[in-house]
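Written out below as structure tokens is the structure these notes cover.
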Amino acid sequence: ANSFHGNNDAFLARQAEFESNVRSYPRKLPLAIAKAHGVWITDVENKQYLDCLAGAGTLALGHNHPEVLQSIQNVITSGLPLHTLDLTTPLKDQFSEALLSLLPGQGKEYCLQFTGPSGADAVEAALKLAKKVTGRSGVISFSGGYHGMTHGALSVTGNLSPKEAVDGMMPEVQFMPYPHLYRCPLGLGGEAGVKALTYYFENLINDVESGVRKPAAVILEAVQGEGGVNPAPIEWLQRIRKVTQEHGILLILDEVQAGFARTGKFFAFEHAGIEPDIIVMSKAVGGGLPLAVLGIKKQFDAWSPGHHTGTFRGNQLAMATGLTTLKILKEQDIAGKVAEQGEWLKAQLAEMQKRYPVIGHIRGLGMMIGIEIVKPNEAADHMGAYPADGELSALLQKKCFEAGLILERGGRHGAVLRLLPSLLISNDELKIFLDKFEQALLGAGIKPV
Ligand code: PMP
């Protein structure tokens, strides 16, 4: 029996008293959680929400999956220590073998490095390692990229708002435009836009007059998450791989959000058939508990003992829940299921778009879908994109919440509503999502045409 009941507002008021002003999710999703199961969250007043945020993509198998819970139970009864620094255990051994087997080439060319508990921590390690390997210090990153809130990770993050929190970033970070299906940064769009951006990247690296020193690394997400759900064009990714390889620049793929079957492939970079030099993994890899790991091409395993240490490396419970998650994702071909569901959902949303022109653009892959909210009564740009409507998307997020649907926003002006549910979400639950989303549109006073 669950005894966590009470008054939602009272918990929120106490949270505001206890915690710093920087807390962000509670402002948009004002609930105190009593319990959760699968795609459902129940608050302390017993109201149910369809959770299409899933810990920002962390809960690949949803909340409290029975096998995930059982794996925690197994650790408890096994007598394994909860904390081991970076010593090994039979559980760590199993987890490492299972994770490596999922990396490109069954992981034969890679080794793992456990870092601290968060994605940002792993990004820091990746950037430091690339600098050590190459003896260079610059990093190229992309507009719209998100890599975390620690100093280095924030420095390579595109969004300027969190940078207001601190004065001064890591030097020698160069941002380049990331392709965008709806709002091409070059104003070209389509294949022409992708071609020009590919040429631009290549030229910047090759041309001594470009003003950009050869960097240690290029870091990117194959599908940008916080940046508003932008999948990279395959040919652009392939060219970046080729150019970085030719110049001895390490390519770091941040798979923290898009990895682990979310986009319909086990890793998002697999859509382009490329092999990164460093793979940054967190969120789903720990099955809901804190874990972050780097996959490093063996020839770049350049550190010696003592170069990069830390207390919390490879939490045993997270390896148990992570191992169970990896097994289920693989054995049940969740990537295949998710790929189909993503295409179905985008088609359904495209039907809805015909009735609701405030839906400007639908994009994404698998269970990583973005819905960009626009002002359809204002002038579109020359490529047909209407101005983004961050205010309406904020209102829609609120109306979704009132309708019992938890969604996140992202992208420029926060105008993109983002769907990142459990990968085990059923087709019926996706229909509930569509119903609730339409209810929110109507609740926001949007009339279907
Ligand atoms: N990289 C990406 C792509 C992310 O989406 C996030 C978190 N949203 C991070 C890194 C940072 O992870 P963490 O919040 O665990 O530091």
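The values are calculated or read from the model by the stated rules, or taken from the named source; none is laboratory data. Quick caveat: nothing in here was measured; it's all calculated off a predicted structure. Note that each Cβ is placed from the backbone with ideal geometry, even for glycine, and that neighbours are counted across all protein chains shown. With ligands, DNA and RNA removed, areas are computed over all heavy atoms of the protein, side chains included. Shrake-Rupley method; radii C 1.70, N 1.55, O 1.52, S 1.80 Å.
Points to keep in mind about this one:
- Some residue of region 33-41 being in contact with a helix residue (DSSP H, G or I) (Cβ under 7 Å, 6 or more places away or on another chain) and either part of a loop (DSSP other than H, G, I, E, B) or open to solvent by less than 30 Å² (accessible area, probe 1.4 Å) (or both): yes
- Just one of (1) at pLDDT 95 or above; (2) of a type outside the set (Asp, Glu); (3) touching a Phe, Trp or Tyr at 6+ places or on another chain (Cβ under 6 Å) fails for Ser304. It is (3).
- Residue within region 406-426 that is crowded, with 16+ Cβ neighbours inside 10 Å, of a type in the set (D, E, K, R) and part of a helix (DSSP H, G or I) present: yes
- Residue count for region 184-195 satisfying the condition of being assigned to a loop (DSSP other than H, G, I, E, B) and either open to solvent by 30 Å² or more (accessible area, probe 1.4 Å) or at negative phi (or both): 4.
- Apart from one condition, Leu112 fits all of (1) within 30 Å of Glu331 (Cα to Cα); (2) open to solvent by less than 10 Å² (accessible area, probe 1.4 Å); the exception is (2).
- Each residue in region 217-228 was checked for being among the β-branched types (Val, Ile, Thr) and away from the ligand (no atom under 11 Å from the Cβ), and 1 pass.
- Flag for Ile446 being outside any helix (DSSP H, G or I) and either exposed (fewer than 14 other Cβ atoms within 10 Å of the Cβ) or not polar (S, T, N, Q) (or both): yes
- Screening Tyr199 against (1) within 19 Å of Gly145 (Cα to Cα); (2) out of contact with any helix residue (DSSP H, G or I) (no Cβ under 6 Å at 6 or more places or on another chain); (3) not in a strand (DSSP E or B) leaves a single unmet condition, (1).
- Among the conditions (1) within 28 Å of Glu246 (Cα to Cα); (2) open to solvent by less than 80 Å² (accessible area, probe 1.4 Å); (3) in contact (Cβ under 8 Å) with a residue 60 or more places away in the chain, Lys132 misses just one, which is (2).
- Looking across region 229-259, the residues that are within 12 Å of the ligand (Cβ to nearest atom) and in a loop (DSSP other than H, G, I, E, B) come down to Val229, Glu255, Val256, Gln257, Ala258, Gly259.
- Conditions (1) open to solvent by 50 Å² or more (accessible area, probe 1.4 Å); (2) without any contact (Cβ under 8 Å) to a residue 60 or more places away in the chain; (3) of a type outside the set (A, V, I, L, M): number failed by Asn8: (1)
- Contacts under 8 angstrom Cβ, first residue in region 232-255 being at negative phi and in contact (Cβ under 8 Å) with a residue 12 or more places away in the chain, partner among the aromatic types (Phe, Trp, Tyr) and within 16 Å of the ligand (Cβ to nearest atom), 6 or more apart: Ala232/Tyr178; Leu237/Phe269; Leu253/Phe267; Leu253/Phe269; Glu255/Phe267; Glu255/Phe269
- Checking Thr198, Thr150 one by one, the residue that is closer than 30 Å to Arg23 by Cβ and touching an Asp or Glu at 6+ places or on another chain (Cβ under 9 Å) is Thr150 and no other.
- Which numbered condition Lys128 fails, given (1) under 23 Å from Val416 (Cα atoms); (2) within 16 Å of the ligand (Cβ to nearest atom): (1)
- Residue, nearest to the ligand (Cβ to nearest atom), within region 156-181, restricted to residues that are buried (at least 20 other Cβ atoms within 10 Å of the Cβ) and hydroxyl-bearing (Ser, Thr, Tyr): Thr157
- Residue within region 350-364 that is closer than 21 Å to Leu253 by Cα and either of a type in the set (D, E, K, R) or open to solvent by less than 20 Å² (accessible area, probe 1.4 Å) (or both) present: yes
- Listed conditions (1) without any contact (Cβ under 8 Å) to a residue 12 or more places away in the chain; (2) over 19 Å from Leu407 (Cβ atoms); (3) open to solvent by less than 60 Å² (accessible area, probe 1.4 Å) are all met by Arg14, apart from (3).
- Test for Glu97: is it of a type in the set (D, E, K, R) and farther than 30 Å from Asn8 by Cα: yes
- The residue of region 43-70 that is farthest from Val293 (Cα to Cα), among those that are open to solvent by 10 Å² or more (accessible area, probe 1.4 Å) and either polar (S, T, N, Q) or free of Cβ contacts under 8 Å to residues at least 40 places away in the same chain (or both), is Asn46.
- Test for Gly228: is it within 21 Å of Asp389 (Cα to Cα), over 23 Å from the mean Cα position of the chain (by Cα) and open to solvent by less than 20 Å² (accessible area, probe 1.4 Å): no
- Counting the residues of region 140-179 that are in contact (Cβ under 8 Å) with a residue 40 or more places away in the chain and under 18 Å from Gln238 (Cβ atoms) gives 4.
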